[in-house]
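Nothing in this text is a laboratory measurement; each read-out follows from the coordinates by a stated rule. These numbers were taken from a predicted model, which means no experiment stands behind them. Note: ideal-geometry Cβ built from the backbone for every residue, glycine included; neighbour counts use all protein chains shown.
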Amino acid sequence: MAVLARLMSAVAPSSLPLLRLPSAFAMAGVVLLTGGLARELGAGRGARTLAAAAMATCPVLYGAGHLLSTTTFGLLAWAAALFLVVRILRARQDRLFLPLGIVVGLGLMDNDLVAFLMAGLVVGVLVAGPRGVFRSPWLWVGTVIAVAMWTPYLLWQAHNGWPQLDVARSIASGGSGTSEPRWALLPFQLLMGNLWLTPIWVVGLVHLLRRPDLRWARAIGWCWIALVVAFTVLGGKPYYLSGMLPALFAAGAQPSLDWARRKSSRMQTLVIGGTISALVPLPITLPLLPVSALHNSPIIDLNYDAGETVGWPAYVDEIMRVAGPVTAGGGGGVVLLASNYGEAGALERYADVTAYSGDMGFWWWGPPPDGTSTAVAIGYDRDHLAEFFDQCRLSTHLDNHEDVDDDEQGQPVYLCQGLRGEWSAMWLRFKNLG
């Protein structure tokens, strides 16, 4: 993902449409793979179209399709992996374990969730078969490929004390802006997909678990059950389970279409209801509403990420107005210290300066240079800053001037002086993986 972002920025700096292009292509790939999955599961042309359309109108795809994030390419990796697994199970094309290993390896380079998918599939095959796949040498070759691609990440995690586990614990305890209570995992699945078309994927799950002619694919249904248990116990985010929707829509499309075709009124209800249900989430998941109207809408409450795309240039201007006089007065060594990686990234993007943060991956990019004792600190609690500086003066509170209540709105900006020691010695105390 980071490589794609860098390439898009190199081609056309500051072009938001171009930056979003890989995400749009990725989501188009998910839709196409859903249709392909439906074909592998025995669906006719009309049902394949229904499965693809149902997936295309899911709010989770709207949201992921216009943001360049790990979620975007994680959904594509899950869909591609499920497509290859279904082909392997249907026709025992064991050589497909090789491309599956590559797909899984690439997915693991994006995020760890593909490992849960693979574990869920192993559970599914152990429960429902066909267990003969474990005797295929191609399975183990594919596994070696995936693990080899994942190894640099695993070595880095091991060398640094497995920080991903700290992040996971923070998510489970509600530390992320998109964390939800464990009980909400299943109810939220209604919101991840097209609400009106929810019966299609529910029917798909039932048919995967019960239909005799889909016994060969029963492991997919048990995989979904295993993932529900795992993500509920571990406190995962609701969207983690969305990667299973392509397979479920694919399995449910043909029986749902057969049911609808028995009466014209059913078909009309399916089409009209599905279309309306597809349109309702658009202003919530996509930036269609003017920013000036966001504060008078429920969108920020319904979509956390919408608020986090607002106000960054204004925030940076306010921060630099605090830092500017210090620099002009001979304090060229002033440090821009951000409490989270979003603030640090915005400073580097819009002010073209070097910013520092102990938040998440930014911490590993290192501390400010030793010998600098003045800092503009953004978003920190005064008591926390008092542990490191002789004095901190409140300079301003951030204001996006749109009345949008996001994470940065109203955050304090302090001018701190008299660092009590060297940054390199204290940097560990700024580390935040929550």
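Things worth noting here:
- Estimated at 0.36 nm per residue, the fully extended path between Asp381 and Arg349 surpasses their Cα-Cα distance by 9.1 nm.
- Nearest-20 debye value, the chain charge dipole, Cβ charges on Lys, Arg, Asp, Glu: 3040 debye
- Other residues with beta-carbon under 12 Å from the beta-carbon of Met267 carry, at +1 per Lys or Arg and -1 per Asp or Glu, a net charge of +3.
- Relative contact order of the range 185-242, pairs being alpha-carbon contacts under 8 Å that are 6 or more residues apart, as %: 48 percent
- Integer Hz, Karplus 6.51/-1.76/1.60 couplings in order for the range 112-124, x for Gly and Pro: 7, 5, 4, 4, 5, 4, 5, 5, x, 5, 4, 4, x
- The trypsin sites (Lys or Arg not before Pro) of the range 1-101 that DSSP puts in a loop, and whose beta carbon has at most 14 other beta carbons within 10 Å, are Arg92.
- Among the trypsin sites (Lys or Arg not before Pro) in the range 249-353, those placed in a DSSP loop whose Cβ has at most 16 other Cβ atoms within 10 Å are Arg262, Lys263.
- Per the Cα gyration tensor, the range 312-430 maps to an equivalent ellipsoid with semi-axes of 21, 15, 14 Å, ordered largest to smallest.
- The range 2-285 - Rg (one decimal) and Dmax (whole number), Cα, Å: 18.9, 62
- Listed by Cβ neighbour count within 10 Å, with the fewest neighbours leading, Val404, Val206 appear as Val206, Val404.
- Between 0 and 90°, nearest 10: helix 198-210 axis offset from the chain longest Cα axis: 60 degrees
- Evaluating 6.51 cos²θ - 1.76 cosθ + 1.60 at θ = phi - 60° for every residue in the range 95-109, the Karplus couplings come out as 5, 5, 4, 5, x, 4, x, 5, 4, 5, x, 5, x, 5, 6 Hz, glycine and proline recorded as x.
- Remark: relative contact order (the range 2-285) = 27 percent; criterion is Cα-Cα distance under 8 angstrom and separation of 6 or more residues.
- Sorted by Cβ density within 10 Å, fewest first, the residues Ile276, Ile88, Ile319: Ile276, Ile88, Ile319
- A cysteine counts as unpartnered when no other cysteine's C-beta lies under 4.7 Å of its own; in the chain this applies to Cys58, Cys223.
- J(HN,Hα) series, the range 301-313, from Karplus relation 6.51 cos²θ - 1.76 cosθ + 1.60, nearest Hz, glycine and proline x: 5, 8, 9, 3, 5, 4, x, 7, 9, 10, x, 4, x
- For the chain, the longest principal axis of the alpha carbon atoms and the long axis of helix 341-350 meet at an angle near 70°.
- Degrees between helix 163-172 axis and first principal axis of the chain (Cα, 0 to 90, nearest 10): 80 degrees
- Built amide H within the under 5 Å cut-off of Thr396, gap 5+: Val413
- Under the criterion of Cα pairs below 8 Å and six or more residues apart, the relative contact order for the range 312-430 equals 28 percent.
- Extents of the range 299-372, taken as max minus min of Cα coordinates on every principal axis and listed largest first, are 46, 27, 16 Å.
- Taking Ile171, Ile225 and counting other C-beta atoms within 10 Å, the order from fewest to most: Ile225, Ile171
- Centroid-to-centroid, using Cα positions, the range 273-324 and the range 232-250 are 25 Å apart.
- Model label sites at Thr269 and Val291, defined 7 Å from Cα along the beta-carbon direction, differ in position by 4.5 nm.
- For the range 144-187, dividing the convex hull volume of the Cα atoms by the residue count gives 108 Å³ per residue.
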